[in-house]
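The values are calculated or read from the model by the stated rules, or taken from the named source; none is laboratory data. Owing to the predicted nature of the structure, the values given are computational and were not obtained by experimental measurement. In this analysis, Cβ positions are derived from the backbone assuming ideal geometry, glycine residues included, and neighbour counts consider all displayed protein chains. Surface areas here come from the heavy atoms of the whole protein model, side chains and all, with no ligands, DNA or RNA. Shrake-Rupley method; radii C 1.70, N 1.55, O 1.52, S 1.80 Å.
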Amino acid sequence: MSPTAVDLQALRFRWRGAASDCLAIDAFALAPRERVFLQGPSGSGKSTLLALIGGVLTPSTGQVQVAGQALSTLSSAARDRFRADHIGFIFQLFNLLPYLSARDNIMLPCRFSAARRQRLQQAGQTAADEVLRLAEHLDLSPALLGRPASELSVGQQQRVAAARALIGRPGLIVADEPTSALDADRQSAFLDLLLGECAASDAALLFVSHDPRLAQRFDRVLNLADINRAAPSGSGGME
Amino acid sequence: MSPIWHLTWRSVANRRLSVLLTVIAVALSVAMLIGVERLRNDAREGFARTIAGTDLVVGARGGAVQLLLYSVFHMGNATNNMSWESLQKIAALPQVDWVVPLSLGDSHRGFRVVGTSSGFFEHYRFGEDESLRFAAGRAFAPAPEGIFDTVIGAEVAARFGYREGDHIVLSHGSGAGVSFADHADKPFTVVGVLARSGTPVDRSVLVSLEGIEAIHIDWQGGAQIPGLHISPEQVRKFDIRPRTATAALVGLKNRVTVFRVQRWVNTFADEPLTAILPGATLQELWNLLGVAEQALLAVSALVVVVGLAGLMAVMVASLGERRRELAILRALGAGPRQILALLMLESMTLALTGICAGLVLVTAASAALAPWLASTYGLRLGIGWPSMSEWVLLGAVFAASVLASLVPGVRAYRYSVADGMTIRM
């Protein structure tokens, strides 16, 4: 049994100089391979929560565990490496480095993470093969892979970002409103691809969105306001 | 660090235009700095190798530097001549081995005419005790046969295509261009062409002292005496023994006596004279020029600072639009230190490219300008690997570029800590 993908215990986070907590979550857990839809309007502390899970921020009190590892026990450099090894991020927009080709963007995590390279090796795959496989699954033609990221459409960019998050099979995919820049048809198609690939690579998915229409496809739907006991107002800072 | 190297290169390649302009600015500033340094050192070396084996230079009373400049380097003019009698007395001193008189004041198509004795070819030394060599022909014969013979320097021969047997006309005064006072009635015959020596001799027309006397025999006060014309054939009947000289090179039997002879000349009772030690006077000249050299070098260094400031400005300006790129890199697992390294590496790559391009530029420019500098100023540029002092300057420029790259680097570090993975527009 693999460890819980994300486990938050008695988490409190307050921005330096702020009068009140931005986040106060008593308990939240994301099981392995579980797909959770986290709904929250802007300003509800979503991005702060994701930064805490990614280890870019550290909680004021309480604990964040990712893949069974308590992040507070790691140095900041080790947290950076841990993030590279175990979490794939997809953002709302501008996910890609404009000066790299789509292929190089997808392969970028393998440059930062030895663990992702190793997992590919153990599965008997090369990074180049895996890029082609993911691209095919995500409906990206091989011809697109050589193009600079800045020449791709928004939909193509988001699929490249998904491939980049997934390469080397991290245990957790965190998606922060990845569909908000897409029209309704493409939203649904993108979600299909993302859910399918997460299942195929045994990754848990934490999908953050303010759009409840997408929620029905997930194992569990949560509203951030329900688990966050801190007053939503005055959260500031990250949103 | 490997992902950072990869990204540095791609990111630089992506911003070609601004990168190119920045690199050009740095390259030009480095080329200027190294060019000034090279010119400075090569000029010094050129001066230092111009005269060797001469223990004293004697001329009319005046400044030491001035005497050295007009007698050896053909720069400026003498205010007074010295008499032949004084010269004979110096030559008669027991410590003196040889005396070579020099008589200046005439020119040939912009090149200086030097009246001297045939001892010049024997005793003049340059570089590391090298003698003048003939590329063709021979030295002029002693008077009276060789009065209208001339030996020309390599540059004079090359410029006008003169060869043995050609006839040339000397002009009165040392005007650089056209002279209206030609000694056209008494042409000289080229009997020898000297091999290139890298000294002012290359740009000289050498004639005998008697020849100088002969062409001025029917002249007075800088112009031909009206109505008086003495032909070259007649001139041999006149007394054309030299009466004056502009300066003289003196060689001693034993260098130990140099200060005694110098004091003797400086306190000579018959005529106010000055004797100088060429090496010591060169040193004096460097001290004079040192301030100007330092100023030139300082200005060049400032230009480099401006170039690097431009690089810094371009990098910092690009950071605004690259904040989201930094956030993406953070999400992919880059730490703030790697972000710092990325930005510093980018700046340093640009600076280093600029430095290399500057070196190429200055090498190409000196190769292109070398012939012109050599023929016009007698300045021989060294072309090749940078000298020790140039490496020091290049190292300093690189060190400055490392410091400059800290500015965008630290700024990006701060951004990446403050923004985390949040993509800011």
Note to self: C-alpha centroids of the range B:214-247 and the range B:367-425 sit apart, in Å, by 62 Å
Expressed to two decimals, chain B has a Cα Rg over Rh, using the Kirkwood radius, of 1.21
Among the DSSP H helices of chain B, those whose Cα atoms extend at least 15 Å along the helix axis and whose mean Kyte-Doolittle hydropathy is 0.5 or higher are B:16-48, B:278-321, B:336-377, B:388-419
In short, the range A:51-84 residues buried by 50 Å² or more of accessible area relative to the isolated chain (1.4 Å probe) are A:VAL56, A:ASP80, A:ARG83
Comparing each residue of the range A:106-125 in the complete protein assembly with the chain by itself (heavy atoms, probe 1.4 Å, ligands and nucleic acids ignored), those losing at least 10 Å² of accessible area are A:LEU108, A:PRO109, A:ARG111, A:PHE112
In terms of the alpha carbon gyration tensor, root eigenvalues a ≥ b ≥ c, rounded if a/c is under 1.5 and otherwise prolate when a/b exceeds b/c or oblate, the range A:6-232 is prolate
If one builds a Gaussian network model of chain A from Cα atoms under 10 Å apart, the most fluctuating residue listed among A:THR179, A:THR61, A:THR48 is A:THR61
A student applying the Cα gyration tensor rule (rounded when a/c is under 1.5; otherwise prolate if a/b is larger than b/c, oblate if not) would label the range B:287-425 prolate
Buried accessible surface, B vs A, both sides, probe 1.4 Å, in Å² to 100, equals 2400 Å²
Filtered hits (lysines, Cα-Cα < 25 Å from B:LYS186, offset >= 8 within chain) -> B:LYS237
Extend 7 Å from the Cα of B:LEU406 along its Cα-to-C-beta direction; within the range B:317-351, residues with backbone N under 18 Å of that point are B:337-349, B:351
Regression test value, accessible area per residue of the range B:283-425, probe 1.4 Å, units Å², expected 47 Å²
Counting only protein heavy atoms and rolling a 1.4 Å probe, one gets per residue an accessible area for the range B:56-276 in Å² of 45 Å²
Within the set A:ALA31, A:ALA84, A:ALA123, GNM on chain A using Cα springs under 10 Å gives the largest fluctuation to A:ALA123
The percentage of the accessible area of the range A:6-232 (probe 1.4 Å, all protein chains present) made up of carbon and sulfur atoms, to the nearest whole number, is 48 percent
Partner shielding of B:408-421, as the mean number of partner chain Cβ atoms within 10 Å, equals 2
Listed by chain and number, the aspartates and glutamates with an alpha carbon less than 13 angstrom from that of B:LYS89, same-chain partners under 8 positions apart left out, are B:ASP97, B:ASP270, B:GLU271
Share of Cα-Cα pairs in the protein assembly as shown beyond 45 Å, whole percent, is 49 percent
The percentage of the accessible area of the range B:56-276 (probe 1.4 Å, all protein chains present) made up of carbon and sulfur atoms, to the nearest whole number, is 52 percent
